[in-house]
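K.L.:
Below is the structure I would like to discuss, written out as structure tokens.
Each value in this text was obtained by applying a stated rule to the coordinates, not by laboratory testing. Since this is a predicted model, take the numbers as computed values, not measurements. In this analysis, Cβ positions are derived from the backbone assuming ideal geometry, glycine residues included, and neighbour counts consider all displayed protein chains.
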Amino acid sequence: MDMDYKIQILLIARRIKELRKQQGLTVQELAYRCDIERSNMSRIEAGRTNLTIKTMCLICNALHITLKELVSAT
């Protein structure tokens, strides 16, 4: 199976934004919870950066979800 990583990044980015909004968090609040800069979180949600597993885990912890929950909807 051939996966285009750019599409996967965009799908994960959209999922992060969706989950953040569902929880009523601003980009700034989520960035603070993850201990990353707001501008970096904005780039993540826009799909303009290649996420590391570490960063995805930080985001999952901040959103109180599992990594599987983040990527399974993509």
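K.L.:
Note down all Cβ pairs under 7 Å where the first residue falls in region 18-39 and is more than 21 Å from residue 54 (Cα to Cα), the second is surrounded by 12 or more Cβ atoms within 10 Å (Cβ to Cβ), and they're at least six residues apart or on different chains.
P.N.:
Going by the 7 Å Cβ cut-off, the qualifying pairs are 23/63.
K.L.:
Within region 36-47, can one find any residue that is small (Gly, Ala, Ser) and either in contact with a strand residue (DSSP E or B) (Cβ under 7 Å, 6 or more places away or on another chain) or exposed (fewer than 12 other Cβ atoms within 10 Å of the Cβ) (or both)?
P.N.:
The answer is yes; a qualifying residue exists.
K.L.:
Output the residues belonging to region 12-29 that are outside any loop (DSSP other than H, G, I, E, B) and either surrounded by 15 or more Cβ atoms within 10 Å (Cβ to Cβ) or in contact with a strand residue (DSSP E or B) (Cβ under 9 Å, 6 or more places away or on another chain) (or both). So that I can check it myself, show each step before the final result.
P.N.:
Just the residues of region 12-29 that are outside any loop (DSSP other than H, G, I, E, B), to begin with: 12-22, 27-29.
Of everything in region 12-29, those that are outside any loop (DSSP other than H, G, I, E, B) and either surrounded by 15 or more Cβ atoms within 10 Å (Cβ to Cβ) or in contact with a strand residue (DSSP E or B) (Cβ under 9 Å, 6 or more places away or on another chain) (or both) turn out to be 12, 13, 14, 15, 16, 17, 19, 20, 27, 29.
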